[in-house]
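Trainee: Encoded as structure tokens, here's the structure I'll be asking about.
No value in this document is a laboratory result; all are computed from the given coordinates. Predicted model, so just to flag it, every value in this text is computed and none were measured. Heads up, the Cβs are rebuilt from the backbone with ideal geometry, glycines too, and the neighbour counts pull from every protein chain shown.
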Amino acid sequence: MSWNGFKKAVNRAGTTVMMKTGHVEKTIDRDFELEERRFRTLETAANKLQKEAKGYLDSLRAMTAAQTRIAETIDAFYGDAGTRDGVSRYYRTAVEDLDADTVKSLDGPYRATVLEPISRFCSYFPDINDAIKKRNHKLLDYDAMRAKVKKLIDKPSDDVQKLPRAEKDADMAKQIYEELNEQLIAELPQLIDLRVPYLDPSFEALVKIQLRFCSESYTRMAQVQQYLDPATREEYANGILDTRVEQVLQSMRDLQITGMSTA
């Protein structure tokens, strides 16, 4: 920060303190406050959308990676028993293909059509926040000059030129502030209104990508299902699979080795 910048910062901090103590009147602009609140709502929602959009892709990868690991474990669990009908091996292949083909092929389109556009939209926020910060600084300068003029009017100085100079500085500060203020009041609503046409293509792409992933997952799992025991499928459909599982568990409990003492 330059020396002039440092002095301005100190003066503005002093003006803020004087406002809190009631020695400087603060300008209230309801129109700007409304638009700033609307912008803050948009900023929060957009940043959250960016975070969740990235989280969705990460979760998709994590889920298919977990599917691959459990498929490998199931295949190893069955061992030779699974190789006789091939179901565990086929399930493992289907899951690996889903991870390798579907998810990896969706990664590029998802980034290009969803993540990158949302990130570009969010990238404008720092510039907008800088403009709002600059506007607020200029408003502080204007309020400080108004207070100085008022003080000189209430208690005239021996220097007759002091009041005209202060009035000129106040007019200049007012002009600079109003230009920034009017620009923000005019352009912030335009930015907020643009969010819908901007996001629409990404939203459509997101739905299509999710549809493709779900369709591919269903197709591959449906193909695995035909290798399952028909009786098992029928019992699952009729809601009696739990009974069969309980029967197998009872057979395990009947084994003497499961009831052996650890002593």
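Trainee: Dipole magnitude of the stretch 47-195 about its Cα centre, charges +1 at Lys/Arg Cβ and -1 at Asp/Glu Cβ only, in debye to the nearest 20?
Mentor: 640
Trainee: Work out the length of the dipole vector of the stretch 129-222 about its Cα centre, built from +1 on the beta-carbon of each Lys and Arg and -1 on the beta-carbon of each Asp and Glu, and round it to the nearest 20 debye.
Mentor: 300
Trainee: Something else now. Counting other beta carbons within 10 Å of each Cβ, put 48, 148, 155, 208 in order, fewest first.
Mentor: 155, 48, 208, 148
Trainee: On a 21 Å Cα-Cα criterion, which of the cross-link pairs 54/104; 148/174; 48/138; 138/168 come out too long?
Mentor: The answer is 48/138.
Trainee: Residues of the stretch 33-51 with amide nitrogen under 13 Å from the 7 Å Cα-to-Cβ point of residue 122?
Mentor: Only 43-51 pass the distance filter.
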